[in-house]
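A quick write-up on the structure given underneath.
The values are calculated or read from the model by the stated rules, or taken from the named source; none is laboratory data. Worth saying up front: this structure is predicted, and the values here are computed from it rather than measured. FYI the Cβ positions are ideal-geometry reconstructions off the backbone, even for glycines, and counts take in every protein chain you see. For accessibility, only protein heavy atoms count, side chains too; no ligands or nucleic acids. Shrake-Rupley method; radii C 1.70, N 1.55, O 1.52, S 1.80 Å.
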Amino acid sequence: MASSKGKNNLILVEGHTFSVQGGNPSTYYCSRKTKTGCKARVGLRDEVIVSYEPLHNHPPPRIHMASDGSVYRI
């Protein structure tokens, strides 16, 4: 999924969005990490979740997917 900034490295897990932040391309951090200090993260290997730390300190964003495949955060 592409982010609102046009980046194609977002994944959606249990209603929360995650992105690569830093040097390890197999670890995705909560997209709200910088704004909220959220410590949730997901580890991927071959596009399969191998670890998940659901330590969110905020509710999930409201997300809508349009019929053309575009994703919007409400």
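Taking H as built 1.01 Å from N, whose amide H comes closer than 5 Å to the amide H of L10, not counting residues under 5 places away?
Amide H neighbours of L10, under 5 Å, 5+ apart: S3.
Say we join alpha carbon atoms closer than 10 Å with springs in a Gaussian network model of the chain; which of G15, G37, G23 then has the biggest fluctuation?
Of G15, G37, G23, the Gaussian network model singles out G23 as fluctuating most.
Would you work out what percent of the accessible area of the chain, with all protein chains in place, is carbon or sulfur (probe 1.4 Å)?
50 percent
For the chain, modelled as a GNM with alpha-carbon contacts under 10 angstrom, which of T17, T36, T27 fluctuates the most?
The residue that fluctuates most here is T36.
Excluding H56 itself, what net charge comes from residues whose Cβ is under 14 Å from its Cβ, given Lys and Arg +1 and Asp and Glu -1?
+3
I'd like to check one number: the per residue accessible area of the chain, probe 1.4 Å, reported in Å² as a whole number.
Accessible area per residue, the chain: 71 Å².
Please name which of A40, M65, P25 has its Cα lying farthest along the dipole of the chain towards the positive end, using unit charges on Cβ (Lys, Arg +1; Asp, Glu -1) and the Cα centre as origin.
Towards the positive end, the residue furthest out is A40.
Roughly how many debye, to the nearest 20, is the charge dipole of the chain about its Cα centre, given +1 on each Lys and Arg Cβ, -1 on each Asp and Glu Cβ, and no other charges?
Dipole about the Cα centre, nearest 20: 380 debye.
Mind putting a number on the dipole of the stretch 31-74 about its Cα centre? Charges go on the C-beta only, +1 for Lys and Arg and -1 for Asp and Glu, and I need it in Debye to the nearest 20.
The dipole of the stretch 31-74 has a size of about 340 debye.
Could you tell me which of rounded, prolate or oblate describes the stretch 16-68, using a ≥ b ≥ c as the square roots of the eigenvalues of the alpha-carbon gyration tensor, with rounded for a/c under 1.5 and, failing that, prolate when a/b is larger than b/c and oblate otherwise?
It comes out oblate by the Cα gyration axes.
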